[in-house]
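Below is one structure, written out as structure tokens; the observations come after it.
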Ligand SMILES: [Zn+2]
Ligand SMILES: [Zn+2]
């Protein structure tokens, strides 16, 4: 039986705490059989070596990040599988830069995330006010347009926090359902998975990503699922795992997937 957490950060991103090894140890204590370390990719689409020190590792830190994860894989071999992953931003027009950045490494799983929407972060502190300023429907439509492009890009194995724009409580307006459905269809067509993440339960919206209706659509479309916590502290590893598994089952899911070398394997739920 595969007991997994597929979205775990490290202190390198500048907004997570604790030693990476402690994330693995906490996962072990929670009964995980595998943990994918997936820190934020360097912000390759913004100028400069370290454009936002509180948001992501630098380009220079990427090789040592990979080395650390591979060393943990060796140390914990036989107790818990430590996977080499990364959470990579999707940035329209910068696809080749990301491809080149990821190419040197033998990833187990590459998460695809849309955090940067219409010229700004959709999830940073204070970003909730953008919904009032710029129009919630505009933001949601643009957000889902980018999720669909990201899914279709072939760059990613798993789409993260599929309805992230709700983070501060601004739920998807009814008129944006077509954009949401197009993103689901794009994920289905590309064969990418989606995460069921407990992170939303810790945010103002108070609901897992994706919410029940959207999760039902993803399952009905045949989009595979992974489970994740989006941990930014060791104690968050496997946090809310029972809730996200229950949410997947309630949505009709019969299995989840694991990845090795970017190849998915299904497991019964
Ligand atoms: Zn993210
Ligand atoms: Zn994350």
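The values are calculated or read from the model by the stated rules, or taken from the named source; none is laboratory data. Note that the structure is predicted; figures quoted are calculated from it, not measured. Neighbour counts are summed over all protein chains in view; Cβ atoms, including those assigned to glycine, are modelled from backbone coordinates with ideal geometry.
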Any idea which residue in segment 206-239 is farthest from residue 112 (Cα to Cα), counting only those that are more than 16 Å from ligand 2 (Cβ to nearest atom) and assigned to a loop (DSSP other than H, G, I, E, B)? 206
How many residues of segment 76-92 are touching a residue at least 12 places away in the same chain (Cβ under 8 Å) and surrounded by fewer than 16 Cβ atoms within 10 Å (Cβ to Cβ)? The answer is 2
If the Cβ limit is 7 Å and pairs must be 6+ apart or interchain, which residue in segment 22-42 that is over 14 Å from residue 68 (Cβ atoms) pairs with which residue that is within 14 Å of ligand 2 (Cβ to nearest atom) and in a helix (DSSP H, G or I)? 40/13
Are any residues in segment 151-165 crowded, with 16+ Cβ neighbours inside 10 Å and either over 15 Å from the mean Cα position of the chain (by Cα) or away from ligand 2 (no atom under 16 Å from the Cβ) (or both), and if so, which ones? 151, 152, 153, 155
What residue, of 98, 72, is assigned to a helix (DSSP H, G or I), under 22 Å from residue 15 (Cβ atoms) and away from ligand 1 (no atom under 16 Å from the Cβ)? 72
Kindly provide the set of residues from segment 104-138 that are in contact with a helix residue (DSSP H, G or I) (Cβ under 6 Å, 6 or more places away or on another chain), within 14 Å of ligand 2 (Cβ to nearest atom) and either at pLDDT below 95 or under 16 Å from residue 169 (Cα atoms) (or both), ordered by number. 122, 123
Pull up segment 96-150, narrow it to residues that are at positive phi and free of Cβ contacts under 8 Å to residues at least 12 places away in the same chain, then point me to the one that is surrounded by the most Cβ atoms within 10 Å (Cβ to Cβ). 135
Test: residue in segment 202-215 that is within 21 Å of residue 30 (Cβ to Cβ), in contact (Cβ under 8 Å) with a residue 40 or more places away in the chain and touching a helix residue (DSSP H, G or I) at 6+ places or on another chain (Cβ under 9 Å): yes
